[in-house]
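Okay, structure first, notes after.
The values are calculated or read from the model by the stated rules, or taken from the named source; none is laboratory data. Just so we're clear, the structure is a prediction, and the values are computed from it rather than from any experiment. Positions of Cβ are generated from backbone atoms using ideal geometry, with glycine treated the same way; all protein chains shown enter the neighbour counts.
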């Protein structure tokens, strides 16, 4: 039977230390240590245990916080990229400055190709397009062959437009204030309603045939002052049913509403004619004798 008391001399201590059992224990511990250094089985066991219990441990600590911040940053970045792509897609599909302004109102910048901007510019009534940008300035930039795209930026009172070349240098810059933007939106607006829903035409609605017969009887130069760009009406789908004439003069122009109907809907397309020319036509439609071109 082994004695569990402390040895009293060196001989007893050496005999106990160099005995069979102590040597076996030391050998086993050494083998375990060597195998751990060689195969890393202890780390693997601990790792598998932590992995199996990972879902049940609270997410706390610097590593978890760093992982959360990284995941949040990636989600935010993906959302920014998705929003940017969506904005640019909307810009490429925009058919009016009003749609561009709506996108900018959400706090996004918009870039349009030069050809796209010119198409939107040409769709405006000539007087409104001249207020936006002089056609001579547009012709000059086109003739230089350097205008590549137009950058729209939201401003405190309206929009700022930068006309850029391929090197991102600003060739020209204009400011669209809120009043001009509102006028552009009115010119581009197509009301999905009938003329009865627009109070400015109340009591002044004519049958389309009556209106255009009276228009044809006018000299050609006066016809152009009443409806400046009739070619655009030919490109608009639908058939004109009725025409409304406003009695309000704004900046020398009178608003005319053309009620158009197609298979899908009825809408009112708004145009603006010179006040004296529209007054002359209205007198003819009402069977009155026109005396003064400024009398309306």
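Here is the figure for the stretch 127-140: residues that are out of contact with any helix residue (DSSP H, G or I) (no Cβ under 8 Å at 6 or more places or on another chain) and assigned to a helix (DSSP H, G or I) total 6. If you take the residues in the stretch 175-193 that are surrounded by 14 or more Cβ atoms within 10 Å (Cβ to Cβ) and at pLDDT 80 or above, which one is nearest to residue 245 (Cα to Cα)? Only one residue fits best here, namely 180.
Matching residues to (1) modelled with pLDDT under 70; (2) exposed (fewer than 10 other Cβ atoms within 10 Å of the Cβ); (3) in contact with a helix residue (DSSP H, G or I) (Cβ under 7 Å, 6 or more places away or on another chain); (4) in the same structural domain as residue 153 (by TED's automatic domain parsing):
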residue	(1), (2), (3), (4)
3	yes, yes, no, no
7	yes, no, yes, no
19	yes, no, no, no
33	no, no, no, no
38	no, yes, no, no
47	no, no, no, no
59	yes, no, no, no
63	yes, yes, no, no
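Residues of the stretch 144-174 that are modelled with pLDDT under 80 and not in a loop (DSSP other than H, G, I, E, B): 155, 158.
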